Amino acid sequence: MRFLHLSDSHFRENYQTNDFTATMFSKTQNPRLALEQLLQNLPLMDYDFVLLTGDLVHEGQVSDYQALRKMLDHYLPTTPYFFCRGNHDRRAVFFEGMGVEANDSQEYLNCTEIRGLRIISLDSAQDDHHEGKISDGQLAQLEKWLAKPAEKGTILLVHHPLAWEDPAIATKLPAGFEEVIAKSDIIGIFVGHIHQASSGEFAGKKQIMAEALSFGVDEFPDYSLFTDRTGYTSCSLTEGKLYTYQHLLSPQQTELGRMDKPIIGNH
Ligand SMILES: [Fe+2]
């Protein structure tokens with residue numbers, strides 16, 4: 001099976017109506033155009049499905065999500081795509097915009113299976129914090145879903161990294177979460193949020209972070225450096241083994257801006 005891991009598209013119909021994106025992106029160079037160009041040029045027939053690990057839209061409205069879905073449905077007419085919610089996907093508009101149901105805690109959780117491979121989406125986005133958190137309720141649901149192994153194993157989608165070198169950035173997890181992941185049939189944890197292609201390990205499982213489709217971030221002790229670096233990951237599941245390939249869309253980087261730390265609130 002072959003699939004794509006796309007992340008942090010930060011889609012908006014209009015980038016000039018948001019202070020952050022108006023500073024970051026010009027009218028002629030914005031993530032929407034980059035996403036469309038990528039989808040136009042990919043040999044999508046070669047991929048069984050597409051993953052989108054959050055920050056689908058940047059602080060948008062229902063209409064932004066509808067425009068994103070229209071673009072995805074246009075370029076992926078027969079290729080299913082699966083997604084999770086990021087910290088810039090606002091709870092109040094995400095569900096209607098993406099046409100999905102919220103659970104009782106207003107979280108987006110999903111479990112589906114494609115040709116024996118189970119795909120689970122968790123919801124790590126908090127309303128008032130930049131970093132992620134998994135609720136107790138999500139752990140209980142995850143445990144139920146994972147109770148019976150899937151034929152080809154499970155991949156997990158979550159916007160925030162479950163493990164990260166800087167503990168201030170790692171996701172807050174409920175007690176027992178790590179043990180549930182460790183004993184599960186999970187073969188890969190697909191994440192975004194940091195805007196930097198990387199790999200890590202959580203509970204003995206591979207964690208794969210895609211480059212962002214919108215802008216790149218390099219982390220330094222006192223600031224986050226924003227650049228025009230963008231990219232995505234293509235993946236292969238062959239005889240139970242997961243292989244990932246990172247692709248840069250804009251290999252030449254120029255600085256777009258910096259953000260001082262600590263980050264207060266959720267920009
Ligand atoms: Fe993001």
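The values are calculated or read from the model by the stated rules, or taken from the named source; none is laboratory data. None of the values given here were measured: they were computed from a predicted structure. Cβ placement follows ideal geometry from the backbone for every residue including glycine, while neighbour counts extend to all protein chains displayed. Each accessible area value is taken on the protein alone, full model and side chains, heavy atoms only, with ligands, DNA and RNA left out. Shrake-Rupley method; radii C 1.70, N 1.55, O 1.52, S 1.80 Å.
How large is the charge dipole for the chain, taken about the Cα centre, if only the Cβ atoms of Lys, Arg (+1) and Asp, Glu (-1) carry charge, to the nearest 20 debye?
Working: 23 positive and 37 negative charges, 129 e Å.
Approximately 620 debye in magnitude.
Amide H contacts of LEU256 (H built 1.01 Å from N, in plane; Pro and chain starts excluded): PHE226, THR227, ASP228 sit under 5 Å, all sequence-distant by 5 or more or on other chains. Structural descriptor for the stretch 1-154: relative contact order 20 percent, calculated from alpha carbon pairs under 8 angstrom and at least 6 residues apart. Which residue, LEU157, LEU72, LEU213, tops the fluctuation ranking in a GNM of the chain built on C-alpha contacts under 10 Å? Sorting by GNM fluctuation, first place goes to LEU72. Each Cα pair under 8 Å and six or more residues apart adds its separation to the average, and for the stretch 129-267 the resulting relative contact order is 20 percent. Restriction of the GluC sites (Glu not before Pro) in the stretch 33-124 to DSSP coil positions whose beta-carbon has at most 10 other beta-carbons within 10 angstrom yields GLU101. For the chain, the 222 nm mean residue ellipticity estimated from helices alone, with every DSSP H stretch of n ≥ 4 adding -39500 (n - 2.57) and the total spread over all residues, rounds to -6000 deg cm²/dmol.
Put a plus charge on the Cβ of each Lys and Arg, a minus charge on the Cβ of each Asp and Glu, and nothing anywhere else: the dipole of the stretch 161-251 about its Cα centre is then about 300 debye. Largest mean-square fluctuation among ASP228, ASP128, ASP185, in a Gaussian network model of the chain whose springs join Cα atoms under 10 Å apart, belongs to ASP128. Dipole of the chain computed with +1 at Lys/Arg Cβ and -1 at Asp/Glu Cβ about the Cα centre; of PHE190, LEU249, ILE114, farthest Cα towards the positive end is ILE114. Here the convex hull built on the C-alpha positions of the stretch 2-260 has a volume of 123 cubic angstrom per residue.
Across the stretch 126-135, rounded Karplus estimates of 3J(HN,Hα) from the backbone phi angles (6.51 cos²θ - 1.76 cosθ + 1.60, θ = phi - 60°) give 10, 6, 10, 9, 6, 8, x, 8, 9, 7 Hz, Gly and Pro being marked x.
Over the stretch 165-267, what percent of the accessible surface lies on carbon and sulfur atoms, probe 1.4 Å? Walk me through the intermediate numbers first.
Working: 2620 of 5170 Å².
C and S atoms contribute 51 percent here.
Charges on Cβ only, +1 for Lys and Arg, -1 for Asp and Glu, centred on the Cα centroid of the stretch 2-260; of PRO174, LEU72, HIS129, which one is farthest towards the dipole's positive end? About the Cα centre, the residue reaching furthest to the positive side is LEU72. Relative contact order for the chain: 19 percent, from Cα pairs under 8 Å spaced at least 6 residues apart, divided by residue count.
Taking LEU109, LEU256, LEU162 in turn, the Gaussian network model of the chain (Cα-Cα springs below 10 Å) assigns the largest fluctuation to LEU256. The residue among ASN87, GLN207, PRO43 whose Cα reaches farthest toward the positive pole of the charge dipole of the chain, with charges on the beta-carbon of Lys, Arg, Asp and Glu, is PRO43. Centre-to-centre, using Cα atoms only, the stretch 167-196 and the stretch 11-38 are separated by 30 Å.
At q = 0.15, 0.18, 0.25, 0.28 Å⁻¹, what is the base-10 log of I(q)/I(0) for the stretch 148-214 according to the Debye formula with one equal point scatterer per Cα and no solvent? Please give it to two decimals. Ignoring solvent entirely, the Cα scatterers give -0.47, -0.66, -1.14, -1.33.
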